[in-house]
């Protein structure tokens, strides 16, 4: 499988006044297309920073970041926005839906910044995605009228609307109870099986167990990198 | 303060509006070319961002309303004030035009120092003479016509009815043209009346009403002093001139009696005795007034210059011939131009007031927008994460501000236009039911230019004051913004 994400000697420093905080200390990682990766590690290990860098939300201090064949680390702010808009999908811990918009409008939001023409066809696509995540009867509800699990499903539908190469999850089940967490993880696994590459941050082992590959970070370095395929295969066979 | 833009105020406003529109259009084109403003080619996106702005604003109805209140009041008051200003100015201009803007009015004035006047016995002689009138003919073609008048008060009688304070105006047939006199019945004086020394007269409407409440006045005979005149016509009722300051007094034309000037001279003589309270004044005045009409178009600068030139020549000529200054020259055009200058001045001042009030309104918008940006930091973060570029965020907030000021401007314009029609009507009601201000009229004429200008300025204010908060929103770091609670 070709690597969809490749980072070389990734260094990320934060400058707090005169102090320099070294968050990521030269990471080298490659993620294959179609993989399902869990990033783990204690707080301060740099897993969220890594996810932000992968999500083109944060700039790296040095090193290279290739998304497909493209070197993202040298792009301008506008180009990064374009990359996010075209190649990436986000799922956040706190859902991050816009409260004033309905379910369909929230799903549609990324298309607004793609320069595609918003017409009946795109609307139908958004409705189909909402139906796919099981919210067909709540298309015109606002996020505050939905439960946490439902909101996260809207967020998943939203992350799929631009048909991204890579879905990034920042503790997607962090605010959910265990039953809803399983529902969400099943949905992510379905997506992965359908070919989507997923990278998610989590600090719960039983959530990480859904992934095919678990990367543990500690103090800005890779601590361990374990393939989890046996277990996934076992589950697949269940 | 003297502002002379050399163009009429309305033209000025129209030019301003056109220039503004052109500027906006050019800006939009450039922004569209550079991709900063998604317009043509992505009309749907633009429409979408407007509808998003409306939605966001609708979420906080009271707040949005309060923040545009300044714009509403600003726009409304600009339109209302400009319209009332235009109305009263139009009133004054109409007044002047009624006097004839191409006319030059030369009047005899009793010199202030009585002892130095040429008195022959008890007779006071002053004013314009027949010699002066001869001189006026030297202007030839430049002057279309000149209308001499001899005016004196008298009593007009018919049977036992009488009007004690009527005014005889001895004049020539051209008077009708110069003063735009319209007749209700019969005819005005004609040349043959003058040539034949006919005892014919034309009555003003009020005199006709008083002397002949039931009869047809035409053909009747009225008595004035020791002579009798046959009525040949009755003038239509005429609006009195408002006495527009200077040497032009208010005139009530409805108590005039018009007689041929040569008849008057033969019957009443050059010396007219006027009885005032307790005494009697004998005056020898050839002409009380001569009205010259200059052959010129009042709406062209050349025409105006010619009127001024003739006026100056007349002044120079009379200055030489009348060392006693027993005359006065009035050029209504002077007042017309003065009024127009006043209007321009008024327009400029109003424009400044408009700018100030809309500026204040803009500060209100910016204040709320800044608070909104802080409040919606997280939303900005979400949008950035989902692929919004900085300029998309800028656009969103600018569009929101412009939607606010545009809606505010439209509402203000509606209120202003409503006020222009409602306030005068309301004022008329108040005028009828109360004692105060019963004489004061409140004329209003909708000032169309001010609608476009104030709307345009509202939109401009939206862009100008929305830009800074929008820029603040756009430069937020997406990660920080996402972390914002």
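Among the residues of region A:96-108, is there at least one that is out of contact with any helix residue (DSSP H, G or I) (no Cβ under 9 Å at 6 or more places or on another chain) and at the interface with chain B (Cβ under 9 Å from one of its Cβ atoms)?
no
Exactly one condition in (1) within 14 Å of another protein chain (Cβ to nearest Cβ); (2) farther than 25 Å from residue A:156 by Cα is false for residue B:374; which is it?
The number of the failed condition is (1).
Which condition number does residue A:81 fail, the rest of (1) under 22 Å from residue A:202 (Cβ atoms); (2) facing chain B (nearest Cβ under 9 Å) being met?
Only one criterion in (1) under 22 Å from residue A:202 (Cβ atoms); (2) facing chain B (nearest Cβ under 9 Å) is unmet by residue A:81, namely (1).
Specify the residue that is farthest from residue B:383 (Cα to Cα); the eligible residues are those in region A:43-58 that are more than 12 Å from chain B (Cβ to nearest Cβ) and touching a strand residue (DSSP E or B) at 6+ places or on another chain (Cβ under 7 Å).
To start, the set of residues in region A:43-58 that are more than 12 Å from chain B (Cβ to nearest Cβ) comprises A:43-47, A:50, A:54.
Within this subset, residues satisfying the condition of being touching a strand residue (DSSP E or B) at 6+ places or on another chain (Cβ under 7 Å) are A:45-47, A:50, A:54.
On the way: A:45: 27, A:46: 24, A:47: 23, A:50: 20, A:54: 17 Å.
Checked region A:43-58; the qualifying residue farthest from residue B:383 (Cα to Cα) is A:45.
Restricting attention to region A:123-136, does a residue exist that is at pLDDT below 95, surrounded by fewer than 20 Cβ atoms within 10 Å (Cβ to Cβ) and within 14 Å of another protein chain (Cβ to nearest Cβ)?
yes
Just one of (1) at pLDDT below 85; (2) assigned to a loop (DSSP other than H, G, I, E, B) trips up residue B:281, so point out which.
Looking at each condition in turn, residue B:281 falls short on (2).
Given the structure, is residue B:399 within 14 Å of chain A (Cβ to nearest Cβ) and either in contact with a strand residue (DSSP E or B) (Cβ under 7 Å, 6 or more places away or on another chain) or assigned to a helix (DSSP H, G or I) (or both)? So that I can check it myself, show each step before the final result.
Details: within 14 Å of chain A (Cβ to nearest Cβ): yes; either in contact with a strand residue (DSSP E or B) (Cβ under 7 Å, 6 or more places away or on another chain) or assigned to a helix (DSSP H, G or I) (or both): yes.
Yes, satisfied.
Any residue in region A:1-23 that is within 14 Å of chain B (Cβ to nearest Cβ), without any contact (Cβ under 8 Å) to a residue 60 or more places away in the chain, part of a loop (DSSP other than H, G, I, E, B) and on the phi < 0 side of the Ramachandran plot?
no
What's the total number of residues in region A:86-95 that are under 14 Å from residue A:199 (Cα atoms) and at the interface with chain B (Cβ under 10 Å from one of its Cβ atoms)?
5
Being surrounded by 20 or more Cβ atoms within 10 Å (Cβ to Cβ) and in contact (Cβ under 8 Å) with a residue 40 or more places away in the chain is the filter here; which residues of region A:78-97 pass it?
Within region A:78-97, A:85, A:88, A:89, A:90, A:91, A:92, A:95, A:96, A:97 meet the criteria.
Return the only residue of A:107, A:116 being part of a helix (DSSP H, G or I) and either over 13 Å from the mean Cα position of the chain (by Cα) or closer than 21 Å to residue B:48 by Cα (or both).
A:107
Check whether at least one residue in region A:59-77 is assigned to a helix (DSSP H, G or I), over 23 Å from residue A:201 (Cα atoms), more than 9 Å from every other protein chain (Cβ to nearest Cβ) and without any contact (Cβ under 8 Å) to a residue 24 or more places away in the chain, and report yes or no.
Step one: filter region A:59-77 for residues assigned to a helix (DSSP H, G or I), giving A:72-74, A:77.
This time we only want the ones that are over 23 Å from residue A:201 (Cα atoms), so: A:74, A:77.
Right, trim to more than 9 Å from every other protein chain (Cβ to nearest Cβ) and you get A:74.
Narrowing further to those that are without any contact (Cβ under 8 Å) to a residue 24 or more places away in the chain: A:74.
Yes - at least one qualifying residue is present in region A:59-77.
Here are some conditions: (1) under 16 Å from the mean Cα position of the chain (by Cα); (2) surrounded by 17 or more Cβ atoms within 10 Å (Cβ to Cβ). Residue A:29 meets all but one. Which one does it not meet?
Unmet for residue A:29, out of (1) under 16 Å from the mean Cα position of the chain (by Cα); (2) surrounded by 17 or more Cβ atoms within 10 Å (Cβ to Cβ): (1).
Kindly evaluate residue B:380 against the criterion of being within 13 Å of chain A (Cβ to nearest Cβ) and buried (at least 22 other Cβ atoms within 10 Å of the Cβ). Step through it out loud before you land on a result.
Details: within 13 Å of chain A (Cβ to nearest Cβ): yes; buried (at least 22 other Cβ atoms within 10 Å of the Cβ): yes.
The answer is yes for residue B:380.
Among the listed residues A:184, A:198, A:156, which satisfies the condition of being within 15 Å of the chain's Cα centre (by Cα), part of a strand (DSSP E or B) and at pLDDT 90 or above?
The unique qualifying residue is A:198.
The values are calculated or read from the model by the stated rules, or taken from the named source; none is laboratory data. Since we're looking at a predicted model, the values are computed, not measured. A quick note on method: Cβ atoms are made from the backbone with ideal geometry, for glycine too, and the neighbour counts reach across all protein chains shown.
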